[in-house]
Structure formats: structure tokens, C-alpha cells
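S.K.: Pasting a structure below so you can have a look.
What follows draws every value from the coordinates through simple rules; no lab data is involved. Remember, predicted model here, so these are calculated numbers, not experimental data. Cβ sites come from the backbone with ideal geometry, for glycine too, and all protein chains shown count toward neighbours.
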Amino acid sequence: MTRTAVHSTFEIERRYKAAPARVFAAWSTAKAKSAWFHGPDERGRKPLELDFRVGGREVASGTAKDGTTHRYEATYLDIAPNERFILAYVMHIDQRLISASLMTVEVFADGNGTRLKLTEQDAYLDGWDEGGGRERGTADLLDQLGAALGE
């Protein structure tokens, strides 16, 4: 088998009516993040594990109706409270590593609300994923964040 890595980078911006501190806080505790950071409702989810500090880890996983398990594991590399954080994460389907990524989330005051900018750099491994799907899924998560903020 030939091992492959396909690379992509994407940026997504969202504007929220909530204050920057509130938007940032939605990422920083398991309770707040669990309200919006999840895949389709049909997946059985395990409780989100989140240690939001430099060097801290985050683990989210769920099982689809067909029995396939999806697992996200992140490590926080940098946190500037209410402004920015950077994390590295890997994704698995069942026991197979499908991608490795670097994500930067920046939060800016924007009038009476917040502008959020997410930049992600990905390496998709051995044909298991592609950038368009990841970007769409991330955009959906940011929309779910907006709903959790009451927008």
C-alpha cells in the first residue's frame, strides 16, 4: 500500500452578536462547548473531555448508526484569553488515523459583537478524507456555535 498525505488550508469567518469574551468562553469549558461541538444527532456521543490550557487535551468521540466510531483528539498549543488559541488535532475513524491538523481561532471585537476567524491547515492521510468535507463540517460547527449563542 502506498501511503499518501493530501494537504489543504482553509479560513472561515463568522460574525456573532455576542461579546468576544462570551464567544471565547463557548470554546473553553466542556459544558459550553458540548452545547454546539458535535456531529449529526444520530451519532452516539461520549462526554466531551476538555482541559482548556496550554498543553491541555480535548477528546470528543461518537459512534454512527453503522457502528463506525469517529474520534477527535486535540492538544492546546497557545491561548491568549479572549483573543486567540491554537491547537493541534488528529482525527480517527475506528482505529485508523485519517488526518492531522493545526487550527487557529481568533476573536475580534466588531462593533457590538464579535468577528471570529478560524484558520486550519490539514494533512489528510491515505485517502480517508478531503478538504471540502472538513471545511463544510467546520462551517456547520460554527453555525451551531451561533445557535448556542442564541443567534
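S.K.: Name the residue from F108, L141, I86 whose Cα lies farthest towards the positive end of the charge dipole of the range 86-144, charges +1 on Cβ of Lys and Arg and -1 on Cβ of Asp and Glu.
M.R.: Sorting the options by dipole projection puts first F108.
S.K.: If you build the convex hull over the alpha carbons only and average its shadow over all orientations, what do you get for the chain? Give it in nm² to one decimal.
M.R.: So the mean shadow area of the Cα hull is 8.9 nm².
S.K.: In whole Å, what are the extents of the range 73-151 along the principal axes defined by its C-alpha atoms, from largest to smallest?
M.R.: On the principal axes, the range 73-151 reaches 45, 26, 18 Å in Cα extent.
S.K.: Do the sum for the chain: with -39,500 (n - 2.57) for every DSSP H run of n ≥ 4, divided by all residues, what is the mean residue ellipticity at 222 nm, to the nearest 500 deg cm²/dmol?
M.R.: -6500 deg cm²/dmol
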